[in-house]
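The values are calculated or read from the model by the stated rules, or taken from the named source; none is laboratory data. Values in this document were obtained by computation on a predicted structure and should not be read as measured data. Glycine gets a Cβ as well: all are built from the backbone with ideal geometry, and neighbour counts include every protein chain shown.
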Amino acid sequence: MKITALKGIGEKTAVLFGKLHITTAEELVRYYPRDYEYFSAPVSLEEAEVDGVAAVSGRIRGNIATRHVKGLSITSFEVSCACGGILHMTYFNMPYLKNSLKRDVQYIFRGCLQKKGSRFVMEQAKMYKPEEYDKMAGCMLPMYSTTKGLSNNTITKAVKQAIAVTDLSDDYLPAWIQDAEGFCTEREAIRQIHFPDNRESLVRARERMVFDEFLLFILMVRRMRDANQEAANQYPMIEVAETERLIEGLPYRLTGAQKKVWGEIRSDLSSNHAMNRLIQGDVGSGKTILAFLSLIMCVANGYQGAMMAPTEVLAAQHYESLLQLRKRYGLSVRPVLLTGSVSAKERREIYGRIESGEANVIIGTHALIQERVSYHSLALVITDEQHRFGVRQRESLTQKGERTHVLVMSATPIPRTLAIILYGDLHISVLDELPANRLPIKNCVVNISYRETAYRFIEKEVASGHQVYVICPMVEEGEMDELENVVSYTAKLKGTLDTSIQIASLHGRMKPALKNQIMEAFAAHQIDVLVSTTVIEVGINVPNATVMMVENAERFGLAQLHQLRGRVGRGDAQSYCIFMSKSQKPETMSRLKILNESNDGFYIASQDLKLRGPGDMFGIRQSGDLHFALGDIYQDAAILQRASDWADRILAQSRELTGEEYGLLRQRLDDMMALDTGNVIAL
């Protein structure tokens with residue numbers, strides 16, 4: 001059913017939903033909340049949890065003052081709380097409050113409560129009249145990712161209608177599995193995910209939906225493995241002198257781990273079967289040079305190779321690096337760069353060079369898998385930062401040739417036990433050694449009282465000619481008000497840092513062309529400080545960036561914080577990472593301090609796995625862009641293992657999923673395999 005069939009959704013609103021990739025009622029019911037707002041009863045200041053969200057009742061006392069600091073409007077006042085105590089309130093860029101708020105009138109203030117010295121403080125808290133708040137008390141309201149012009153309230157109303165009209169009566173999961181696991185039905189799980197009766201109902205519903213995601217993904221990967229396992233090597237290769245000359249000529253020596261993995265790749269390319277290999281390695285472990293060596297071996301044997309990157313900036317950086325190697329070492333590679341921003345005229349010319357074989361290395365983004373791209377003799381396909389691509393996207397590129405060799409690279413530190421499940425169709429190689437000349441990043445875990453000191457340190461690094469990343473978990477104000485957001489934080493920094501410092505912002509809701517423009521400007525040092533969401537986790541290589549500051553670090557998983565940290569430490573200068581935490585709870589600080597102990601992503605990921613468990617589902621997704629809609633491979637590792645065990649049992653009973661009890665499951669898998677975008681599940 002088209003989304004326009006729902007009451008209140010006309011063509012204009014449908015266009016806005018389209019920006020969220022929602023065009024039907026069926027897609028809408030699977031557009032899950034990113035968080036929930038729980039309206040607990042107001043409490044006294046002494047009862048409220050510091051560094052948590054609290055609701056406090058009180059009256060404004062004294063004057064409401066507004067001052068301006070470097071273009072930033074700051075409104076502040078005091079609240080005399082109903083149960084005693086004084087709450088100090090601060091609002092940024094909201095000068096109108098001075099005229100709209102009334103003294104001696106009862107309000108409910110809801111926000112993140114902090115304690116600075118002996119003072120209780122709230123910033124940017126929401127305000128309600130008591131009668132308004134009473135209607136919401138005890139409720140868990142869904143919070144959806146929105147887009148400009150489409151409010152959370154509009155999405156909520158539409159979801160309620162969509163659930164009512166969508167037929168969810170046929171549950172694909174066999175009843176014997178549901179009974180063994182004690183799962184609720186799929187229909188009930190979807191209803192509770194959107195509109196939970198209580199926290200317990202939500203936990204139960206989420207467990208069912210996460211299990212579904214993992215089970216379907218694992219079955220899909222096993223299907224691919226079965227199809228590829230015995231694929232004959234259509235492009236047999238022999239070892240070539242060109243790769244060895246390059247290795248000898250490099251200004252550095254390959255690490256022991258690089259030499260071992262390069263040996264595995266050479267062996268695969270010359271074996272009787274097509275290569276299907278994953279290289280897992282920390283940022284800076286040397287995956288890219290192994291990719292280039294593989295491409296050189298491929299073209300020296302008379303074939304074409306392709307390398308797909310998740311962003312245009314990263315693709316362009318790979319292309320330029322390969323051109324420099326060709327010039328310096330006289331390599332036989334003839335690369336072209338194919339991205340979405342290439343002009344129509346240039347694109348036609350590149351298509352011709354690819355089809356004729358004149359171009360023997362093709363580097364680009366998703367443009368590599370467009371229907372009009374025809375390859376001459378594609379033998380090797382490499383995908384960089386694999387967790388940004390869908391399984392189907394990887395398959396689409398390999399299908400441009402005939403049983404091509406596949407090399408997948410990922411810097412996501414996934415413990416081997418989980419990697420075997422998630423990358424079940426690939427042989428796994430691990431780069432567990434960093435180059436000896438790389439300076440380790442200096443880390444510090446601090447609370448927000450350190451923020452002014454951090455700002456001065458940022459100014460000092462910029463004055464030394466270096467660049468800085470600042471990471472915020474949210475895009476804009478109003479999403480999760482207790483967390484820092486890119487839009488407000490950028491404005492705050494512009495009013496706080498030296499006026500000579502060039503500051504810009506970046507987030508995933510920007511148009512791709514604008515995102516690329518900003519990343520290119522940062523790479524060219526036209527920007528000193530880049531305030532961003534985790535969109536920069538991959539896709540940009542700026543050796544001149546020496547500082548990474550992460551706000552609300554307590555809300556991220558350790559593995560993702562380590563991924564973010566990998567954006568610095570890429571040059572010769574000493575680099576630093578500042579993890580800023582609003583929470584001062586001992587368990588929070590000790591967890592974050594694991595990042596102080598090690599720069600080894602696999603160690604950190606294993607510690608992350610031990611510390612999480614069922615965890616806190618209300619917050620930022622922890623596993624970065626592994627693209628499960630709900631599941632988190634660290635937090636939900638136990639569910640992932642159970643799903644893997646059930647997949648084994650199902651396939652042991654029926655490899656082809658034949659029979660009446662597997663009919664709906666087989667249909668669901670066929671529908672997933674037909675998806676070309678990889679937007680649902682990607683690894």
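For the condition surrounded by 20 or more Cβ atoms within 10 Å (Cβ to Cβ) and either closer than 30 Å to residue 45 by Cα or of a type in the set (Gly, Ala, Ser) (or both), residue 173 does not qualify. Yes or no: residue 542 crowded, with 24+ Cβ neighbours inside 10 Å and either modelled with pLDDT of 85 or more or outside the structural domain of residue 313 (by TED's automatic domain parsing) (or both)? So residue 542 fails the test.
Scan the range 2-37 for residues that are within 24 Å of residue 187 (Cβ to Cβ), touching a residue at least 60 places away in the same chain (Cβ under 8 Å) and surrounded by 14 or more Cβ atoms within 10 Å (Cβ to Cβ) and the total you get is 16.
Results for (1) at pLDDT below 90; (2) more than 29 Å from residue 32 (Cβ to Cβ); (3) not in a helix (DSSP H, G or I), shown as yes or no for each residue.
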{"residue": "68", "(1), (2), (3)": "yes, yes, yes"}
{"residue": "75", "(1), (2), (3)": "no, yes, yes"}
{"residue": "87", "(1), (2), (3)": "no, yes, yes"}
{"residue": "99", "(1), (2), (3)": "yes, yes, no"}
{"residue": "109", "(1), (2), (3)": "no, yes, yes"}
{"residue": "113", "(1), (2), (3)": "yes, no, yes"}
{"residue": "121", "(1), (2), (3)": "no, yes, yes"}
{"residue": "156", "(1), (2), (3)": "no, no, no"}
{"residue": "161", "(1), (2), (3)": "no, no, no"}
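Take the conditions (1) in contact with a helix residue (DSSP H, G or I) (Cβ under 7 Å, 6 or more places away or on another chain); (2) hydroxyl-bearing (Ser, Thr, Tyr); (3) surrounded by 19 or more Cβ atoms within 10 Å (Cβ to Cβ); residue 341 misses just one of them, which is (3). Residue 224 passes every criterion in (1) in contact with an Asp or Glu (Cβ under 7 Å, 6 or more places away or on another chain); (2) assigned to a helix (DSSP H, G or I); (3) at pLDDT below 95; (4) under 26 Å from residue 542 (Cα atoms) apart from (4). Could you please find all residues in the range 1-57 being among the basic types (Lys, Arg), more than 28 Å from residue 126 (Cα to Cα) and not in a helix (DSSP H, G or I)? 2, 7, 30 - these are the residues of the range 1-57 that are among the basic types (Lys, Arg), more than 28 Å from residue 126 (Cα to Cα) and not in a helix (DSSP H, G or I).
Only one residue in 253, 266 is in a helix (DSSP H, G or I) and surrounded by fewer than 20 Cβ atoms within 10 Å (Cβ to Cβ), so which one is that?
Numbers: 253 fails: in a helix (DSSP H, G or I).
Matching residue, one of 253, 266: 266.
Screening 508, 424, 478 for residues that are assigned by TED's automatic domain parsing to the domain that holds residue 410, assigned to a loop (DSSP other than H, G, I, E, B), out of contact with any strand residue (DSSP E or B) (no Cβ under 7 Å at 6 or more places or on another chain) and modelled with pLDDT under 90 leaves exactly one candidate, 424. When 550, 529, 487, 468 are checked against the criterion of being modelled with pLDDT under 90 and among the β-branched types (Val, Ile, Thr), a single residue qualifies: 487. On the stretch given as the range 86-104, residues that are out of contact with any Asp or Glu (no Cβ under 6 Å at 6 or more places or on another chain), among the hydroxyl-bearing types (Ser, Thr, Tyr) and either within 26 Å of residue 117 (Cβ to Cβ) or not assigned by TED's automatic domain parsing to the domain that holds residue 68 (or both) total 1. Might you check whether a residue that is surrounded by 23 or more Cβ atoms within 10 Å (Cβ to Cβ), at pLDDT below 80 and not in a strand (DSSP E or B) occurs anywhere in the range 364-384? For the range 364-384, residues surrounded by 23 or more Cβ atoms within 10 Å (Cβ to Cβ), at pLDDT below 80 and not in a strand (DSSP E or B): absent. Looking only at the range 152-163, residues that are farther than 25 Å from residue 55 by Cα and either touching a strand residue (DSSP E or B) at 6+ places or on another chain (Cβ under 9 Å) or not assigned by TED's automatic domain parsing to the domain that holds residue 28 (or both) come to 3 in all.
Filter the range 557-568 down to residues that are assigned to a loop (DSSP other than H, G, I, E, B) and at pLDDT below 85 and give me whichever is surrounded by the most Cβ atoms within 10 Å (Cβ to Cβ). Once the filter is applied, the top-ranked residue is 557. Applying the condition of being within 25 Å of residue 557 (Cβ to Cβ) and among the polar types (S, T, N, Q) to the range 507-534 and asking which residue is surrounded by the most Cβ atoms within 10 Å (Cβ to Cβ) yields 532.
Just to verify a result, which residue in the range 317-332, among those that are in contact (Cβ under 8 Å) with a residue 24 or more places away in the chain and closer than 10 Å to residue 363 by Cβ, is surrounded by the most Cβ atoms within 10 Å (Cβ to Cβ)? Among them, the one singled out is 318. Criterion first (surrounded by 13 or more Cβ atoms within 10 Å (Cβ to Cβ), without any contact (Cβ under 8 Å) to a residue 24 or more places away in the chain and not β-branched (Val, Ile, Thr)) does residue 80 satisfy it? For residue 80, the condition - surrounded by 13 or more Cβ atoms within 10 Å (Cβ to Cβ), without any contact (Cβ under 8 Å) to a residue 24 or more places away in the chain and not β-branched (Val, Ile, Thr) - is met. For the range 140-151, the criterion of being farther than 30 Å from residue 11 by Cβ, outside the structural domain of residue 507 (by TED's automatic domain parsing) and modelled with pLDDT of 90 or more is met by none of the residues. Answer yes if at least one residue in the range 165-179 is in a helix (DSSP H, G or I), touching a helix residue (DSSP H, G or I) at 6+ places or on another chain (Cβ under 7 Å) and within 15 Å of residue 668 (Cβ to Cβ), and no otherwise. Among the residues of the range 165-179, at least one is in a helix (DSSP H, G or I), touching a helix residue (DSSP H, G or I) at 6+ places or on another chain (Cβ under 7 Å) and within 15 Å of residue 668 (Cβ to Cβ), which makes the answer yes. Residues that are within 21 Å of residue 303 (Cβ to Cβ), of a type in the set (Gly, Ala, Ser) and touching a residue at least 12 places away in the same chain (Cβ under 8 Å) within the range 214-268 comprise 231, 232, listed in sequence order.
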